[in-house]
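Asks: Sharing a structure, written as structure tokens. Questions coming.
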Amino acid sequence: MLSSYPILSTLIWLPIIGGLLVLFAGRNNASAAKWLSLGTAMLTFVLSLPLWFGFDTTTASMQFVEKVSWIPSFNIYYHLGVDGLSMPLVLLTTFTQVLVIASAWDVIKERVEQYMGAFLIMGGMMTGVFVALDSILFYVFWEALLIPMFIVIGKWGGPRRVYATLKFFLYTFFGSVFMLVSFLYMYYQSGSFSILDMHTMHLGMTAQTLIFLAFLIAFAVKIPMFPVHTWLPDAHVEAPTAGSVVLAAIMLKMGGYGFVRFSLPITPDASMQLDWLVIALSLIAIVYIGVIALVQSDMKKLVAYSSISHMGFVTLGMFVLYDILQNTGTLQGAQLGMEGAMVQMVSHGFISGAMFLAIGVLYDRMHTREISAYSGVVNKMPWFVMFAVLFAMANVGLPGTSGFVGEFMVILSSFKANLWYGAIAALTLIIGAAYTLWMVKRVFFGPITNENVENLKDLNKREFAIMATLAVAVVVLGVYPGPLMEVMHTSVENLLIQATTSKL
Amino acid sequence: MNFVIPAFAPAIPEMVLLAMASFILVADTIWSKRYQFATYYATQISLLVAGYFIMTSFATTQVITFDGSFVRDSFADILKLFIILVSLGIFLFSKEYLLQQKFFSGEYFVLGLFGVLGMFVMVSAHNFITLYLGLEIMSLSMYAMIALRRDSGAAVEAAMKYFVLGALATGILLYGFSMIYGATGSITLPEIAKIIDSGKADTVVLSFGVVFIVIGLAFKLGAVPFHMWMPDVYHGAPTAVTLYLGTAPKIAGFAILYRLLAEGMPGLVSDWQTLIIILSVLSMIVSAFVAIVQENLKRMLAYSGIGHVGFLLLGVLAANPDGYASAMFYSIVYAITGVAGFGMIIALSRTGNEFDKIADFKGLNARNPWLAFMMLIVMFSMAGIPPFIGFFAKVIVIEEVVKAGFIWIAVIAVITAVISAFYYLRVVKAIYFDKVEDETPLTPVSSELNWAVSLVSIALLVLGLMPSSLIELSYQSIGVQ
């Protein structure tokens, strides 16, 4: 029964159609818009659960496949499917979607139906990015996604929203067009736009290098990596809370997903040759961006920089595999790094989403994100601080939280690759703890110095429910990551074989 | 010499248009006083009748008549059908606009109909004379249409500019024709192709001829560096005329480009390919940068049009049937998008307010969220962002360029696409992000306009989700696959 209906198409089109309905039905009726959106998001999440329960962990091939011809003259298919790499990200998307809608409940006053509609449409497209198996279909979702996000940041954002949203749009657009040219080149070579065909096609070294660089630009901008990360702090700071959550929890993951779905399997030889570049940029991100986070006075900016730093772990974990293979001769250590990177992506989805939501809770009450405006929040909002400190600890990577699992695996495997990689990466345990805990100390603890803090009210039921859900997710994933890794295991093994098989 | 009566049947659509246009021209003077819209309806009906004749006798094979001067093939028929489709839209919007701006007159429609006749002749041209004839019928109608508003200084200036430069371009084109004729001794396109291939013609004269022809065409299409007239003319002309200028003639322009270069001079590809590359790359780059600083939407769309011509030429420079088909697809998409863009300006304009400045669009989302959303679709489609049809138009021409081995041109094209995204985003920014004092609802003066502009815009989305039939139509009519 589970696979008798096109589950992936449902997950893409249900929120998009729901979003369009909200746009039209919700005009002049804010509460209808809200309930319709929440209903759609929850239904989508429930419908996405069969992916987890019906998933076959013993195979690396695509599951829940749908394939229909779309543009026959160019061999373009409406081809969907998930494997262990994409399935968790789809669930992360549908899960975050519900929280995002709930988080905006009382906060957005102006044109609620457009806000909710934009997020629902975005949700469907993000699922589309993770499940598309045709490169043109993938590109369509990847790019179309920019439109609702552009509107969300530009319309409901902070004072410099127009600058931030234009920068966001143009950066990502610029990054992705080279990827498009690469797709077209590969189509010209192989006659197919299918991503799976691209995995097996032969490519010369020059072509591989150029395609690798084109992909690197696209995904590095999205994830983002140093030095093309500068759009992210701007976009995060100006975006409304829900926008930041979606950006951090899901959109950044698209970059990471791109590396494992495109760069490594399609251009393995170029990846091997240029892995030093990605590793160097990752290490710079981990340390340098971490230090930058330390000096931020705006909470959202601090978390934004911390996201970039954490994404450095993802790319590091993905690209240490060639050094490990060279040192140890086996792929076992590499498996650890790659799985660590994937776990880190999912876990960061929860943690960063939670951090931005927590900041949103404070911002809704105080209308400022300046760290210096706060002090002693714990006295007035004990429940809130309990959750916030838990998320902060997870951000630091405390054992028992999800943040620990991914980081630990990546650090372990990078020690296998090179002592220095491991040593530099491990610095984050200090830097991350420094910027996070310092912020916690300044904002939540200490005496109350601002009279506005005196009047703060603790979480309401809605906020409590959101925070509690995320807290459960963070702790469960931290204590018992086994099932998630089991889901990924076979696909990661397959990916490592692809990434180490020469295509020359 | 025996006089043989040529086969008239293939030219029935043209004859219908000619007869109707001549009839309406006379009848308009009689009925315009009593029935204001008679001319308008007669014009639309003429187009439908011509379309009906094309549909019922759709050409599956090539038919050549009038002593080799006229050709009817599926390429011509499909382009003519799209010219009709686009013109129906143009006249619908124009009627409302002319009424609103209080210079409604039958002449607009008569001239417009003659222009469509000219485009038909261009599309079916099979020798230099027919091609020239069609081009001039179309151009002369357009000169007069721009000057229709006699009391507007800008319009008269635009008409004058267009007339002088257009005449110059025609002169250059004719000069090129005469050289090719001098070298080959023929004016019929396939014969010229044959003689060039046989190697008997003087290559120096041929090269000169090609250069002049390409320059003449570049003038007409508005490719950089022969684009100077476009912004002024688009800006100065009444919006209804700009709508006309900026859409249907581009389809016809592509047709003569195809007829001349691909059918007439395939043997000289090494000569004209370089020229087209230069024109294409320059057009894309110049338009991307200059459009950014425009404050007037019509002017901005003129520069954006120059960029679109650059993209269209990408398909032509590939110099193979696939490439021409992609350019054909691009020209059709471009014309439809143009109708939506200028149609939106018309739909929002009021007596005394042309609504053609980007600043006019500020806060449109608060004043009319539906049309704001439609304009968003139009802008993103022009920018080439999926899932709108403009994306596929760009992807396909770029794909053909990559196939032809010009990856560097593809890279330039995508970079200019990113830069030009900025000026389309500026319009979206004005609509959605800018706040205005005056938030009074703004609806088109007639529900007809509202429907028409929504229909065209939604078509951009629907075609973007299901582009395959339109793509296949283009590829089949050029004779590939």
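Asks: Which net charge results when you count Lys and Arg as +1 and Asp and Glu as -1 among the other residues whose beta-carbon is under 13 Å from that of residue A:460? Present the calculation step by step, with values, prior to reporting the outcome.
Replies: On the way: positive: A:365, A:457, A:461, A:462; negative: A:106, A:364, A:458, A:463.
Net charge in that neighbourhood comes out at 0.
Asks: Next up: Quick one: which of A:98-107, A:359-368, B:115-124 comes out on top by average Cβ neighbours within 10 Å, and what's the full order, highest first? Could the numbers behind the result be given before it?
Replies: Details: A:98-107: 20.9, A:359-368: 17.9, B:115-124: 27.7.
Most protected by this proxy first, the peptides run B:115-124, A:98-107, A:359-368.
Asks: Span-like helices, chain A: DSSP H, alpha-carbon axial extent 20 Å or more, mean Kyte-Doolittle 1.6 or greater, which ones?
Replies: Values: long enough: A:7-25 (26 Å, 2.36); A:30-53 (35 Å, 1.26); A:87-103 (24 Å, 1.81); A:112-131 (29 Å, 1.27); A:161-190 (43 Å, 0.92); A:205-222 (25 Å, 1.85); A:268-284 (24 Å, 1.14); A:299-319 (30 Å, 0.83); A:332-366 (50 Å, 0.71); A:382-396 (21 Å, 1.87); A:402-417 (24 Å, 1.14); A:419-444 (37 Å, 1.38); A:461-479 (26 Å, 1.68); A:482-500 (26 Å, 0.45).
Counting only whole DSSP H runs, the qualifying helices are A:7-25, A:87-103, A:205-222, A:382-396, A:461-479.
Asks: Oh, and also: Could you let me know the centre-to-centre spacing of the range A:437-504 and the range B:67-105, using Cα atoms, in angstrom?
Replies: 60
Asks: Around residue A:254, what is the net charge, scoring Lys/Arg as +1 and Asp/Glu as -1 over all other residues with Cβ under 11 Å from its Cβ? Let's see the in-between values first.
Replies: On the way: positive: A:222, A:253, A:261; negative: none.
Overall, the nearby charge balance is +3.
Asks: Below 8 Å between Cα atoms, with a sequence gap of 6+, how large is the relative contact order for chain A in percent? List each step's numbers first, then the result.
Replies: Numbers: 885 pairs, mean separation 81.0, N = 504.
About 16 percent, as a whole number.
Asks: Could I ask something else about it? Could you give me D for chain B, from Stokes-Einstein at 10 °C and 1.306 mPa s, where the hydrodynamic radius is the Kirkwood radius over C-alpha pairs? Units µm² s⁻¹, please.
Replies: On the way: Rh = 22.5 Å.
Stokes-Einstein gives a translational diffusion coefficient of 71 µm²/s.
Asks: With labels modelled as points extended 7 Å from the Cα through the Cβ direction, what inter-label distance (nm, one decimal) is found for residue A:441 paired with residue B:32?
Replies: 8.6
Asks: Could I get the Rg over Rh figure for the range A:7-500? Both from C-alpha atoms, Rh via Kirkwood, rounded to two places.
Replies: On the way: Rg = 21.4 Å, Rh = 22.5 Å.
Taking Rh as the inverse mean 1/r over Cα pairs, Rg/Rh reads 0.95.
Asks: Using the Kirkwood radius over C-alpha pairs as Rh, can you work out the diffusion coefficient of the range B:130-249 via Stokes-Einstein at 4 °C, viscosity 1.567 mPa s, in µm² per second?
Replies: On the way: Rh = 15.5 Å.
Reported coefficient: 84 µm²/s.
Asks: So what J values fall out for the range B:440-445 if you push phi through Karplus, 6.51 cos²θ - 1.76 cosθ + 1.60 with θ = phi - 60°, rounded to Hz, Gly and Pro as x?
Replies: Values per residue, Gly and Pro as x: 5, x, 10, 10, x, 5 Hz.
Asks: Using the Cα atoms of the range A:334-379, I'd like the radius of gyration and the largest Cα-Cα distance, Dmax, both in angstrom.
Replies: Values for the range A:334-379 (Cα only, Rg and Dmax): 16.0, 47 Å.
Asks: Also, quick follow-up: Just want to confirm a number: the relative contact order over chain B, from Cα pairs under 8 angstrom separated by 6+ residues, in percent.
Replies: Numbers: 777 pairs, mean separation 67.1, N = 481.
Relative contact order for chain B comes out at 14 percent.
Asks: Can you give the charge dipole size of the protein assembly as shown about its Cα centre, rounded to the nearest 20 debye, using +1 on the beta carbon of Lys and Arg and -1 on the beta carbon of Asp and Glu? Don't skip to the answer; put the middle values down first.
Replies: Values: 49 positive and 54 negative charges, 326 e Å.
Here the protein assembly as shown has a charge dipole of around 1560 debye.
Asks: A further question on this structure: Zone of residue A:24 (label point 7 Å along Cα→Cβ, backbone N under 20 Å): which residues in the range A:105-122?
Replies: A:111-122
Asks: Check each of the trypsin sites (Lys or Arg not before Pro) in the range B:43-104 and keep only those in coil by DSSP with at most 15 other C-beta atoms within 10 angstrom; list them in order.
Replies: Values: sites: B:72, B:80, B:95, B:102; in loops: B:102.
Counting only loop positions with at most 15 other Cβ atoms within 10 Å, the trypsin sites (Lys or Arg not before Pro) in the range B:43-104 are B:102.
Asks: What does the accessible area of residue B:388 come to, in Å² to the nearest 10, when a probe of 1.4 Å is used?
Replies: My reading of the accessible area for residue B:388 is about 10 Å².
Asks: Rounded to a whole number of µm²/s, how large is the Stokes-Einstein D of the protein assembly as shown at 10 °C and 1.306 mPa s, given Rh as the Kirkwood radius over C-alpha pairs? Present the calculation step by step, with values, prior to reporting the outcome.
Replies: Numbers: Rh = 30.1 Å.
Answer, rounded: 53 µm²/s.
Asks: Which whole number gives the average count of other chain Cβ atoms within 10 Å of the Cβ atoms across peptide B:384-390?
Replies: Values: counts 4, 8, 12, 6, 3, 0, 0.
For this peptide, the per-residue mean of nearby foreign Cβ atoms is 5.
Asks: Sticking with this structure for a sec: Give me the inter-chain shielding for A:169-178: mean count of other chain Cβ atoms within 10 Å, whole number please. Could the numbers behind the result be given before it?
Replies: Working: counts 7, 5, 1, 1, 10, 6, 1, 2, 12, 5.
Shielding by partners across A:169-178 averages 5.
Asks: 222 nm [θ] for the protein assembly as shown, helices only, -39500 (n - 2.57) per DSSP H run of 4+, per residue, to 500?
Replies: Working: 43 runs with 711 residues, N = 985.
Only helices count here, giving -24000 deg cm²/dmol.
Asks: Using Cα centres only, tell me the gap between the range A:34-95 and the range B:178-212 in whole Å.
Replies: Each part reduced to its Cα centre gives a spacing of 59 Å.
Asks: Sticking with this one: Please state the relative contact order of the range A:1-74 as a whole percent: Cα pairs under 8 Å, 6+ residues apart? Could you put the intermediate results ahead of the total?
Replies: Values: 34 pairs, mean separation 28.9, N = 74.
Value for the range A:1-74: 39 percent.
Asks: Give me a single rounded figure for B:394-405: the average over its residues of other chain Cβ atoms within 10 Å of their Cβ. Please list the in-between numbers first.
Replies: Details: counts 2, 9, 4, 0, 4, 10, 2, 2, 9, 5, 1, 1.
If you average over the peptide's residues, the count of other-chain Cβ atoms is 4.
Asks: A further question follows. Under 27 Å between alpha carbons, and skipping anything fewer than 8 positions from residue B:95 in its own chain: which lysines qualify?
Replies: Answer for residue B:95, where 27 Å is the Cα cut-off: B:33, B:80, B:161, B:220, B:250, B:298, B:357, B:362, listed by chain and number.
Asks: Straight-line reach from residue A:253: which lysines have a Cα under 19 Å away, not including same-chain ones fewer than 8 places off?
Replies: Qualifying lysines at Cα under 19 Å: A:222, A:300, A:301.
Asks: Once you compute Rg and the Kirkwood Rh from C-alpha atoms, what is the Rg to Rh ratio for the range A:79-132?
Replies: Radius of gyration over Kirkwood radius for the range A:79-132 works out to 1.08.
Asks: Around residue B:333, under 15 Å between beta carbons, what's the net of Lys plus Arg minus Asp minus Glu among the other residues?
Replies: On the way: positive: B:250, B:394; negative: B:399, B:400, B:472.
It works out to a net charge of -1.
Asks: Treating cross-link reach as a plain straight distance, find the lysines whose alpha-carbon is under 23 Å from the alpha-carbon of residue A:34, omitting any fewer than eight places away in the same chain.
Replies: Hits, sequence-local ones excluded: A:109, A:155, A:461.
Asks: With unit charges on the beta carbons (Lys and Arg positive, Asp and Glu negative) and the dipole taken about the Cα centre of the range B:9-478, which residue among B:196, B:363, B:251 sits farthest to the positive side?
Replies: Farthest towards the positive end: B:363.
The values are calculated or read from the model by the stated rules, or taken from the named source; none is laboratory data. All figures in this text were calculated on a predicted structure; none of them were measured in a lab. All Cβ positions, even for glycine, are placed from backbone atoms using ideal geometry, and neighbour counts span all protein chains on display. We work out accessible area using only protein heavy atoms, side chains counted, and drop any ligands, DNA or RNA first. Shrake-Rupley method; radii C 1.70, N 1.55, O 1.52, S 1.80 Å.
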